[in-house]
Amino acid sequence: MTFLCDEGVERQIVEALREAGHDVTYIAESDPSISDVEVLRRAAELGAILVTSDKDFGELIYRQGRAHAGVLLLRLHGVAPHGKATVVAAAIEQHGAVLSGAFSVLEQDRLRVRRP
């Protein structure tokens, strides 16, 4: 699968996804400090699922109607970075097929998927 990770996503998550064989673009490596609008546009252009911890992307998608190829919003408060990487990698391995085109919220013990 193809992912674009927002710069607020921990490097351990990016590395875990790459180790699992996914194509991952990491904003912190390529274009730090670009706007959320630009991040979302790039993800859509690449056909990549955006991985983020930033709730502002919900605003861009639901209120402003911005195009996207899928968003995985991480709500993993209090989990150490390596633990987050494990949770994210496992969720993608188990549920990756339903993430494309959806707005999904991943918590430590559940994944909520909302289709447009």
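General observations
- Scanning the range 67-78 for residues that are farther than 21 Å from residue 23 by Cα and either modelled with pLDDT of 95 or more or in contact with a Cys (Cβ under 9 Å, 6 or more places away or on another chain) (or both) yields 75, 76.
- Some residue of the range 101-111 being touching a strand residue (DSSP E or B) at 6+ places or on another chain (Cβ under 6 Å) and in contact (Cβ under 8 Å) with a residue 40 or more places away in the chain: yes
- You will find that of 58, 78, the residue that is without any contact (Cβ under 8 Å) to a residue 60 or more places away in the chain and either part of a loop (DSSP other than H, G, I, E, B) or closer than 19 Å to residue 10 by Cα (or both) is 78 and no other.
- Output for the range 34-61, where each listed residue is within 17 Å of residue 77 (Cβ to Cβ) and hydroxyl-bearing (Ser, Thr, Tyr): 52, 53
- Selection of the range 11-43 for residues being over 16 Å from residue 54 (Cα atoms), part of a loop (DSSP other than H, G, I, E, B) and at pLDDT 95 or above yields 20, 21, 22.
- When residues of the range 85-105 are limited to those that are under 11 Å from the mean Cα position of the chain (by Cα) and part of a helix (DSSP H, G or I), the one nearest to residue 54 (Cα to Cα): 88
- Considering only residues in the range 34-52 that are in contact with a helix residue (DSSP H, G or I) (Cβ under 9 Å, 6 or more places away or on another chain), surrounded by fewer than 19 Cβ atoms within 10 Å (Cβ to Cβ) and touching a residue at least 12 places away in the same chain (Cβ under 8 Å), the one that is nearest to residue 7 (Cα to Cα) turns out to be 36.
- Qualifying residue in the range 96-107 (condition: of a type in the set (Val, Ile, Thr) and within 19 Å of residue 4 (Cα to Cα)): yes
The values are calculated or read from the model by the stated rules, or taken from the named source; none is laboratory data. Quick caveat: nothing in here was measured; it's all calculated off a predicted structure. Methodologically, a virtual Cβ is constructed for each residue, glycine included, from the backbone with ideal geometry; neighbour enumeration extends over all protein chains shown.
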